[in-house]
Amino acid sequence: VIEREAIVRADVDGRSKLFVRRAAPKDRMCAGDIVQVETINSVSNPSLTSSFTGVCIAIYRRGIDTSFILRNIVQKVGVEVRYMAYSPLLKRIEVLQKAQRVRRAKLFYLRENPGKMFRQKMLTKSAKTSGSSSPVARK
């Protein structure tokens, strides 16, 4: 009961809808989604913000302690950032693109093979544009 009250207090902009386990996959945030997070840099000046965009590789649903990990490649270096979902320093969480055909809950394999997700999207796009009925060979 106390945990629900804490979530209601921390849920300023309706972000709890992104992390509800019982919601439909199109309404909640899942692993593989491309997410943009805007954070407040200074408590004294809330207009100073920074944003980070990346692929969500893991979500830990633990009530008020819910967190998620975003991964992106910045200047040829893999960067992972872990955010607490109900932190008051998070200004906005926005799902830019939903994942397509992700079969795992945790996408830690993207650490070893960072281009895998983008390569798969390119294969499906090239198969649609070519108009051939033959399947695309995958490695």
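The values are calculated or read from the model by the stated rules, or taken from the named source; none is laboratory data. As the structure is a prediction and not an experimental result, all values here were calculated from the model. Glycine gets a Cβ as well: all are built from the backbone with ideal geometry, and neighbour counts include every protein chain shown. Calculation scope for accessible area: heavy atoms of the full protein, side chains included, ligands and nucleic acids excluded. Shrake-Rupley method; radii C 1.70, N 1.55, O 1.52, S 1.80 Å.
Tabulated results
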item	result
Matching residues, the stretch 72-106, being of a type in the set (A, V, I, L, M) and in contact with a Gly (Cβ under 6 Å, 6 or more places away or on another chain)	Ala99, Val102
Any chance Ile40 is β-branched (Val, Ile, Thr) and touching a Ser or Thr at 6+ places or on another chain (Cβ under 7 Å)	yes
Hits in the stretch 4-25 - residues which are loosely packed, with under 13 Cβ neighbours inside 10 Å, among the acidic types (Asp, Glu) and touching a residue at least 12 places away in the same chain (Cβ under 8 Å)	Asp13
Some residue of the stretch 112-123 being under 29 Å from Ala6 (Cβ atoms) and not in a strand (DSSP E or B)	no
Test: residue in the stretch 112-126 that is at pLDDT below 90 and touching a helix residue (DSSP H, G or I) at 6+ places or on another chain (Cβ under 7 Å)	yes
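Residues are listed down the side, and each one gets a yes or a no for (1) open to solvent by less than 50 Å² (accessible area, probe 1.4 Å); (2) within 28 Å of Arg101 (Cβ to Cβ); (3) not small (Gly, Ala, Ser):
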{"site": "Asp27", "(1), (2), (3)": "no, yes, yes"}
{"site": "Cys30", "(1), (2), (3)": "yes, yes, yes"}
{"site": "Ser47", "(1), (2), (3)": "no, no, no"}
{"site": "Phe52", "(1), (2), (3)": "yes, yes, yes"}
{"site": "Arg62", "(1), (2), (3)": "no, yes, yes"}
{"site": "Leu70", "(1), (2), (3)": "yes, yes, yes"}
{"site": "Ile73", "(1), (2), (3)": "no, yes, yes"}
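Residues are listed down the side, and each one gets a yes or a no for (1) within 14 Å of Ala31 (Cα to Cα); (2) part of a strand (DSSP E or B); (3) at pLDDT 90 or above:
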position	(1), (2), (3)
Pro46	no, no, no
Ser51	no, yes, yes
Cys56	yes, yes, yes
Ile64	no, no, yes
Tyr86	no, no, yes
Arg92	no, yes, yes
Val95	yes, yes, yes
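The rows are residues; the columns are (1) without any contact (Cβ under 8 Å) to a residue 40 or more places away in the chain; (2) touching a Phe, Trp or Tyr at 6+ places or on another chain (Cβ under 8 Å).
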{"position": "Cys30", "(1), (2)": "no, no"}
{"position": "Ile34", "(1), (2)": "no, no"}
{"position": "Asn41", "(1), (2)": "yes, no"}
{"position": "Ser47", "(1), (2)": "yes, no"}
{"position": "Ser50", "(1), (2)": "yes, no"}
{"position": "Ile57", "(1), (2)": "no, yes"}
{"position": "Arg61", "(1), (2)": "no, yes"}
{"position": "Ile64", "(1), (2)": "no, yes"}
{"position": "Val77", "(1), (2)": "yes, no"}
